[in-house]
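The values are calculated or read from the model by the stated rules, or taken from the named source; none is laboratory data. Predicted model only: the values in this text are computed from it and were never measured. Because the Cβ atoms are built from the backbone with ideal geometry, glycine has one as well, and the counts that use them run over all protein chains shown.
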Amino acid sequence: MTGAVADSLIPYDEIVQEALRAVVGRVLGSIATSGGLPGEHHFYITFKTQAVGVDIPKRLIERFPDEMTIVIQHRFWDLSVDDKGFQVGLSFNQVPSMLKIPFAAITGFHDPAVNFELRFQANDEAEVEPHEPADNDEPLAKPVEDGSNVVAVDFKRKK
């Protein structure tokens, strides 16, 4: 094995992504338990709308056929969290809607109040569309050097 990188039999990328998604669950769980957001904290959560387990109104899927970002800030209700995902009530164009989003569908989590951000690839089982071969042209991890609290996790599988 001179010069070649051995393929790991341990799925480190999946383990790390799962652990970081647990951060999102823990944060949302604490908000659900306390009944509100502390201080200026608020969240932008981006997710794949067609992922397995996502349950959102059809009109939102039609408007956002691939990915959607929601904001948890002032007007949300019935936030509940379990080990697979979360549910929350939000209004879109003054129409109340309940959204059910599995953690596996989340591709981004951002709290602009403290410039904290996590980025993910959707889990393989959460994706509807297959990856294009060009997706493998990027580096395995993207360094963030701007001094912010951004954690970029962007693992790619070797084919």
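Of the residues making up the range 87-94, not a single one is surrounded by 10 or more Cβ atoms within 10 Å (Cβ to Cβ) and either under 13 Å from the mean Cα position of the chain (by Cα) or in contact (Cβ under 8 Å) with a residue 40 or more places away in the chain (or both). Inspection of the range 109-120 finds no residue satisfying the criterion of being touching a Pro at 6+ places or on another chain (Cβ under 9 Å), surrounded by 20 or more Cβ atoms within 10 Å (Cβ to Cβ) and at pLDDT 95 or above. Say whether the condition of being closer than 17 Å to PHE43 by Cβ, at pLDDT below 95 and either of a type in the set (Val, Ile, Thr) or not in a strand (DSSP E or B) (or both) is met by at least one residue in the range 124-135. No, that holds for no residue.
Inside the range 29-62, can you point out the residues that are loosely packed, with under 15 Cβ neighbours inside 10 Å and among the small types (Gly, Ala, Ser)? Within the range 29-62, SER30, SER34, GLY35, GLY36, GLY39, GLY53 qualify. Taking the range 33-58 as the range and being under 22 Å from PRO96 (Cβ atoms) and either polar (S, T, N, Q) or free of Cβ contacts under 8 Å to residues at least 24 places away in the same chain (or both) as the test, the residues that pass are GLY35, GLY36, THR46, THR49, LYS58. All conditions but one from (1) over 17 Å from ASP111 (Cβ atoms); (2) in contact (Cβ under 8 Å) with a residue 24 or more places away in the chain apply to PRO11; the one that does not is (2).
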